[in-house]
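One structure is given here, and the rest of the page talks about it.
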Amino acid sequence: MTKSDIGVIGMGVMGSNLALNLVEHGVSTSIYNRSYEKTEATYEKAKNIISNDAMQAFKTLEDFVDSLAFPRKVIIIITSGEATDAMINALIPLLSKGDIILEASNAYYKDTLRRMEVLKAVGIHNLGVGVSGGEEGARNGASIMVGGDAQVYALVEPFLAKAAAESVFGKCVARVGDKASGHFVKMIHNGIEYAIMEFIAEIYMLFVEVYKFSAGEISEIFDKYNNTKLKSYLMEISSIVTKTKNPDNPKEFLIDNVLDIAGAKGTGKWTIQESVAYDYPCPTIAAAVYMRNISGWKKLRLEYNKLPPTPKEFIKHVEESLYGAVLVAHLEGLMLMKHISEKLNFNVDFLNVLKVWANGCILRKTSIEFSTVLLIELEVAGVELTVPLAEFFESSCIPVEF
């Protein structure tokens, strides 16, 4: 039996799509899931994509591990927390010194730091891998943020690059720093994402409550914003979502029938916890997290939902305000990243962070103008970049004058 280049554990939506992405791009992949039904379902999908035996499916963890080429490279993309700990504990006696675990679950970076120490003691490498872009990104090209040893990263980068999105900066995969910096960077990415989604939600509320705009009219405004310096993935999908009709009643917009209570997976909360723990203010991200919490208190919100009159003619002003707010959210998150990176010696490479965020992740499709402003602001704020900005833009074929 030919040994596979890499293995993926966890055939949920993310793991299954990542495995399909890898085999479609020529990476031989072994797959395993606790329940074989999901493993089999992914294998059947793969047969419609590839004609060879690039994917191998296994019922037991032992056979899965034995199918991998040395040093074995195992991607774990399952529920974070106790489930990830249990899987790593099950893998330890099956792996050999020098093998590599790529922890791609939605992990809290401090958990990854702890796991790195445990695995280091038995000679197994661990890379913390933050994956952004959701199921679409996992299938068609994700933003992949890796933290850990540079030499170990070099062994897996060729395979991860096959599954990564692309932008003008190249492949959206990079080693963003040392230790658990991959999940650390992903955590802050999500904190920034929370803030921007809150900005858009508040603008939507103003348009609806103050001017009584329909969802269709707001969609047109968002679409116009997305053709300005605000161009981004979040702006694009906000335009699409707001104009989507209700399938049960095509005369209505779907968003008018959605319960306005937001859930959360914890990464926004983790960002605020770190902000408080390291005494670095992130009020914009904190407000966004609290607004998600407030959304759950629907009855109380309705009692206090009284808006005073505000001026009309403010669509353009809102666009400028949103642009400034998006910039502030990015800077807030990146400066928190700098502050904690220095405390924990993560040595985060900010050019690599922005390169990886350029496409494939939720913060993707931000305009080149915006990226330029952001990089200049980082340099002014004292963030040390690995290469001078002018050289970076020139190598990326981005026309910027200094």
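Of the helices (runs of 4 or more DSSP H) lying entirely inside region 1-106, those containing at least 2 residues that are of a type in the set (A, V, I, L, M) and under 17 Å from F159 (Cβ atoms) span 13-24.
Restricting V129, V74 to residues that are out of contact with any helix residue (DSSP H, G or I) (no Cβ under 6 Å at 6 or more places or on another chain), among the β-branched types (V, I, T), under 30 Å from S167 (Cα atoms) and in contact (Cβ under 8 Å) with a residue 12 or more places away in the chain narrows the list to V74. Once region 1-37 is narrowed to residues that are in contact with a helix residue (DSSP H, G or I) (Cβ under 7 Å, 6 or more places away or on another chain) and of a type in the set (S, T, Y), the residue that is nearest to T60 (Cα to Cα) is Y32.
Taking each residue of region 33-61 that is closer than 19 Å to A86 by Cα and looking for partners that are loosely packed, with under 15 Cβ neighbours inside 10 Å and basic (K, R) with beta-carbon atoms closer than 7 Å, six or more apart or interchain, yields Y36/K59.
Suppose we filter K269, K306, K338 for residues that are assigned by the TED database to the domain that holds V208 and at pLDDT below 80; which single one remains? I'd like the intermediate steps shown before the answer.
Working: K269 fails: at pLDDT below 80; K338 fails: at pLDDT below 80.
After ruling out the rest, the residue left standing is K306.
When each of V152, V122, V131 is tested for being surrounded by 22 or more Cβ atoms within 10 Å (Cβ to Cβ), at pLDDT 95 or above and β-branched (V, I, T), the lone residue that passes is V131. Apart from one condition, G191 fits all of (1) in the same structural domain as N21 (by the TED database); (2) farther than 19 Å from I77 by Cα; the exception is (1). Kindly indicate whether K171 is farther than 26 Å from R292 by Cα and out of contact with any strand residue (DSSP E or B) (no Cβ under 6 Å at 6 or more places or on another chain). No. Within region 48-84, which residues are under 19 Å from M14 (Cβ atoms), touching an Asp or Glu at 6+ places or on another chain (Cβ under 8 Å) and surrounded by 15 or more Cβ atoms within 10 Å (Cβ to Cβ)? Result: A57, K73, V74, I76, S80, T84.
Taking the criterion of being within 16 Å of the chain's Cα centre (by Cα) and either within 17 Å of I88 (Cα to Cα) or not in a strand (DSSP E or B) (or both), the residues of region 131-154 that qualify are G133, G134, E135, E136, G137, A138, R139, N140, G141. The single condition among (1) at pLDDT 70 or above; (2) buried (at least 19 other Cβ atoms within 10 Å of the Cβ); (3) under 21 Å from the mean Cα position of the chain (by Cα) that N347 does not meet is (2).
The values are calculated or read from the model by the stated rules, or taken from the named source; none is laboratory data. Just so you know, these numbers come straight off a predicted model, no measurement behind them. Cβ atoms come from the backbone with ideal geometry, glycine included; neighbour counts cover every protein chain shown.
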